[in-house]
1. Whole-Hz ³J(HN,Hα) for each residue in the stretch 32-46, computed from phi via Karplus 6.51 cos²θ - 1.76 cosθ + 1.60 with θ = phi - 60°, x for glycine and proline: what do you get?
2. With θ set to phi - 60°, apply the Karplus curve 6.51 cos²θ - 1.76 cosθ + 1.60 along the stretch 160-167 and write out the HN-Hα couplings as whole Hz, x wherever there is a Gly or Pro.
3. Please say if the stretch 9-161 is rounded, prolate or oblate, where rounded means a/c under 1.5 for a ≥ b ≥ c the square roots of the C-alpha gyration tensor eigenvalues, and otherwise the choice is prolate for a/b larger than b/c and oblate otherwise?
4. Determine, for the stretch 1-151, the count of lysine pairs separated by eight or more sequence positions (or lying on different chains) whose alpha-carbon distance falls under 28 Å.
5. Give, as a single signed number, the net charge of other residues whose beta carbon lies under 14 Å from the beta carbon of S102, with Lys and Arg counted +1 and Asp and Glu -1.
6. Along the stretch 101-110, what does the Karplus equation 6.51 cos²θ - 1.76 cosθ + 1.60 (θ = phi - 60°) give for ³J(HN,Hα), rounded to whole Hz, x for Gly and Pro?
7. Principal axes first, then extents: for the Cα atoms of the stretch 112-159, list largest minus smallest coordinate on each axis, whole Å, largest first.
Amino acid sequence: MTTHQAEVRKFGEEILQPMCPSSECLNNSHLSLCILGIAESEIPIDVDKVMVPLRTDLLRVNSGFSSIVVRKNGKQWWKRVEVQFEDHVVIPTFPHGLSSESYTQYFDEYMSKIALDKFPETRPLWELHIIKYPTRTAAGTLVFKMHHALGDGFSIMGALFSMLKRADNPSLPLTFPSVFSRLEEKNNICKRGLSMVSGCVNTVFDFVSSMMHTAWFGDSQSAIRSGTHSVECLPVHTTRITFSLDDIRHVKSKIGVVGFPTTPSPLSCLLYLIFSIILVVT
């Protein structure tokens with residue numbers, strides 16, 4: 001959640017924090033943008049085990065998960081409330097005894113439905129949907145639905161990853177294999193510096209050219225842009241793409257990304273890329 005941290009207002013007995021302008025733009029009568037994060041499990045999901053980190057860690061990593069939206073003086077504000085987790089955890093019921101193919105179809109239809117549902121502003125803007133039925137690719141599925149006003153993809157990804165623990169030692173946070181050794185990283189400082197400069201130049205160029213193209217010609221149709229009018233009101237189709245760590249290493253070596261400190265590995269940029277792909281496709 002992004003707010004003006006120094007500005008806290010008190011209205012009567014209410015202590016409120018203002019939304020940042022970008023969050024206000026993503027939550028209004030004309031636009032309400034949500035993020036769907038999907039995690040598939042190789043084993044059946046134990047709801048009790050899922051609830052433990054949800055109760056202990058979720059509210060700690062982002063105060064927006066315990067805040068509702070209120071409107072005063074023509075602006076939107078965050079108000080901290082007590083979270084009733086039972087209102088946010090949804091366990092849908094599908095017909096019993098079906099095949100994984102049938103459950104996959106039910107899951108896709110369910111995803112299409114919740115993607116179009118708006119959050120009630122009487123409670124914090126997030127939900128966790130626990131799918132306990134096996135699909136083609138998983139024994140169980142977690143669907144985390146969050147409003148985009150809570151933060152951008154990178155900050156939300158970091159918050160959710162900070163809740164995860166290692167399977168072999170739950171007392172340790174989630175880590176990923178390092179791509180380079182410390183010695184290799186030291187020897188490549190100059191190369192990484194040049195890559196950062198090149199990346200900044202390319203980013204500025206792509207941004208300017210994209211804005212000019214959009215202003216003069218408009219966006220062309222593509223696999224993720226149909227050009228259909230009011231496409232945001234149409235059903236959502238879910239597409240699955242699997243990346244192995246070897247694939248991620250290969251892509252990283254090609255584009256020369258540099259890791260961010262929010263994730264204990266240079267793979268963080270690629271994880272953000274994958275997370276962004278999930279957001280676009282869903």
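Laboratory data are not the source of any read-out in this text; all were calculated from the coordinates shown. A quick note: this is a predicted structure, and the numbers were derived from the prediction, not measured. Because the Cβ atoms are built from the backbone with ideal geometry, glycine has one as well, and the counts that use them run over all protein chains shown.
1. Values, residue by residue: 9, 9, 10, 10, 10, x, 10, 10, 9, 10, 7, 10, x, 7, 8 Hz.
2. Karplus-based 3J(HN,Hα) across the stretch 160-167 equals 5, 5, 5, 7, 7, 10, 6, 5 Hz.
3. Verdict is prolate for the stretch 9-161.
4. 18
5. In short, -2.
6. 4, 5, 5, 5, 5, 4, 5, 4, 5, 5
7. The Cα atoms of the stretch 112-159 stretch 32, 25, 16 Å along their principal axes.
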